[in-house]
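The values are calculated or read from the model by the stated rules, or taken from the named source; none is laboratory data. Bear in mind that the values here come from a model prediction, so they are computed numbers and not experimental data. Here Cβ is always computed from backbone atoms with ideal geometry, including for glycine, and neighbour counts include all displayed protein chains. Note: areas computed on protein heavy atoms with side chains; ligands, DNA, RNA excluded. Shrake-Rupley method; radii C 1.70, N 1.55, O 1.52, S 1.80 Å.
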Amino acid sequence: MLNDRSYMRRGPGGPDYQDVVSGRKALFSLILINIGIYLLFPPSAQNTMALSMDGIRHLQIYQLVTAMFVHANFSHLFCNMLSLYIFGSLSAPILGAGRFLKMYFFAGILGNLLWVLTALSSGDPSYLVGASGAIMGVIVATAMMLPNIEMMMLFFPIPFKLRTLAIVFILIELFNQISIGRQSNIAYLCHIGGFIGGYLYMVLFQRQLIQWNPLSFLSGNSSSQGSFRASDSTTGARRMPHGWSFGGFSGSGRKTDPGARVTQKELDYLLDKISREGINSLSEEEMARLELAREQMRGK
């Protein structure tokens with residue numbers, strides 16, 4: 001069976017096979033539900049699902065969630081679902097269905113709440129629809145787990161690392177909120193709240209998966225936080241679980257023979273990293289170990 005293969009089992013820092021499958025199912029379910037509501041529900045029902053000040057005053061709290069599944073028009077739906085697919089296809093397989101959905105709704109509800117609090121204080125009678133806040137949370141959470149994945153913007157065909165895109169997105173939202181704010185029909189505060197929600201979810205509940213913290217500069221530490229990115233305090237060797245060897249170092253930090261046999265755990269680590277970040281993410285040492293593993297499998 002496919003899930004009996006070694007590279008489908010949980011490796012160091014890698015996703016579990018069941019998380020991969022369930023995460024993808026959750027992602028496509030969200031997309032299909034959003035599309036279904038847009039196509040099948042009449043405007044009157046969609047208006048009831050939208051987040052409005054009148055609804056909040058009448059304690060229709062459910063609108064904080066239902067508004068995430070309603071979109072103003074086809075282009076609004078298309079852009080949101082495309083973004084959800086692009087970034088969710090990276091993070092959902094790592095988190096699995098449960099954690100991905102918790103992060104999605106945590107970010108979306110927090111974004112909607114930030115908009116509500118501002119609208120209440122200003123007496124704004126408008127309403128809010130769309131999954132943008134939740135998707136902004138997905139973007140920042142994905143960047144925190146996979147900061148070095150390279151992506152290209154549609155109208156700016158130059159590769160950017162995902163963490164760079166996340167920073168650009170939040171700066172654009174902040175600039176738009178400050179410059180046009182209430183004059184626009186776009187809820188920038190909801191987007192900003194979604195960013196905050198995605199960040200808080202990762203810091204509070206998934207710290208072990210964080211490879212980049214957007215606020216690390218506040219503590220003077222710009223290094224990645226992943227458990228397999230840390231360095232040994234005396235040798236500079238990458239810390240590995242006891243008994244492992246990798247990249248010329250043993251788990252104790254002592255040098256090993258670079259030609260030593262590649263263990264199954266080390267091979268799982270390499271394959272998991274390729275599945276998460278692509279083969280170009282491997283260092284020269286890692287590529288050499290992968291090639292040695294290939295030779296071992298051929299019986300050389």
Exercise for review: Under 9 Å between Cβ atoms, at least 6 apart or on separate chains: pull out the pairs that start in region 92-112 with a residue that is surrounded by fewer than 20 Cβ atoms within 10 Å (Cβ to Cβ) and end on any residue that is in a helix (DSSP H, G or I) and aromatic (Phe, Trp, Tyr).
Suggested key: 102/201; 102/205
Revision key, fill the gap. If we keep only residues of region 59-76 that are in a helix (DSSP H, G or I) and open to solvent by less than 10 Å² (accessible area, probe 1.4 Å), then the residue farthest from residue 23 (Cα to Cα) is 63
Review point. Does region 87-110 hold any residues that are more than 18 Å from residue 33 (Cβ to Cβ) and of a type outside the set (Ser, Thr, Tyr), and which are they?
Key: 90, 93, 94, 95, 96, 99, 110
Practice item. May I ask you to verify whether residue 292 is open to solvent by less than 50 Å² (accessible area, probe 1.4 Å), at pLDDT 50 or above, farther than 21 Å from residue 209 by Cα and not acidic (Asp, Glu)? Key: yes
Check your understanding: Only one of these conditions is not met by residue 76: (1) within 21 Å of residue 47 (Cβ to Cβ); (2) in contact with a helix residue (DSSP H, G or I) (Cβ under 6 Å, 6 or more places away or on another chain); (3) not hydroxyl-bearing (Ser, Thr, Tyr). Which number is it?
Key -> (2)
Check your understanding: Only one of these conditions is not met by residue 117: (1) surrounded by 14 or more Cβ atoms within 10 Å (Cβ to Cβ); (2) more than 25 Å from residue 216 (Cβ to Cβ). Which number is it?
Key -> (1)
Study note, to complete from the structure: Residue count, region 35-91, condition under 20 Å from residue 102 (Cα atoms) and β-branched (Val, Ile, Thr), comes to 5
